[in-house]
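K.L.:
Here's a structure for you.
The values are calculated or read from the model by the stated rules, or taken from the named source; none is laboratory data. Note that the coordinates shown come from a computational prediction; the quantities given were computed from them, not determined experimentally. Note that each Cβ is placed from the backbone with ideal geometry, even for glycine, and that neighbours are counted across all protein chains shown.
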Amino acid sequence: MSYATVFQQHLRLAILRVLDEMPGCKANSSILHSAMETLGFSATRDTVRNELAWLAEQNLVVCSDTSMTSLVIATLTERGGDVAAGRAVAPGVQRPTPRG
């Protein structure tokens with residue numbers, strides 16, 4: 001498995017976990033980009049938006065675009081919460097280690 005693939009799988013899990021901790025399990029792409037930087041991911045805003053689109057295709061998040069900006073609003077789905085917590089597996093998303 002390539003470094004790029006491993007990075008991508010970890011980034012997707014990190015996005016799901018951050019959304020799981022947000023009020024209403026919802027955040028915009030700018031907040032998620034900042035959170036990824038804080039967690040040590042060197043990902044561009046465009047990369048975060050692309051991963052959100054991929055997560056939406058997998059029914060792990062629901063995305064909506066804002067009409068006035070390039071921000072994407074992402075909301076975690078029930079399945080996405082299950083994957084973030086390790087109760088379900090989604091190919092392409094790193095399986096989490098137990099928190100604690």
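K.L.:
Which strands (runs of 3 or more DSSP E) does the range 1-98 wholly contain that include 2 or more residues that are under 10 Å from the mean Cα position of the chain (by Cα)?
P.N.:
72-76
K.L.:
In the range 7-21, which residues are touching a residue at least 40 places away in the same chain (Cβ under 8 Å) and either over 13 Å from Val61 (Cα atoms) or among the basic types (Lys, Arg) (or both)?
P.N.:
Matches in the range 7-21: Gln8, Gln9, His10, Leu11, Arg12, Arg17.
K.L.:
Is it the case that some residue within the range 38-48 is touching a strand residue (DSSP E or B) at 6+ places or on another chain (Cβ under 7 Å) and at pLDDT 95 or above?
P.N.:
Checked the range 38-48: no residue is touching a strand residue (DSSP E or B) at 6+ places or on another chain (Cβ under 7 Å) and at pLDDT 95 or above.
K.L.:
From the list Val18, Val62, exactly one residue is at pLDDT 95 or above, among the aliphatic types (A, V, I, L, M) and over 19 Å from Gln94 (Cα atoms). Which is it?
P.N.:
Val62
Residue-wise test of (1) closer than 21 Å to Gly24 by Cβ; (2) surrounded by 16 or more Cβ atoms within 10 Å (Cβ to Cβ); (3) not polar (S, T, N, Q).
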position: Ala56; (1), (2), (3): yes, yes, yes
position: Leu60; (1), (2), (3): yes, yes, yes
position: Ser64; (1), (2), (3): yes, no, no
position: Ser67; (1), (2), (3): yes, no, no
position: Ser70; (1), (2), (3): no, no, no
position: Ala74; (1), (2), (3): yes, yes, yes
position: Thr77; (1), (2), (3): yes, yes, no
position: Val83; (1), (2), (3): yes, yes, yes
position: Val93; (1), (2), (3): no, yes, yes
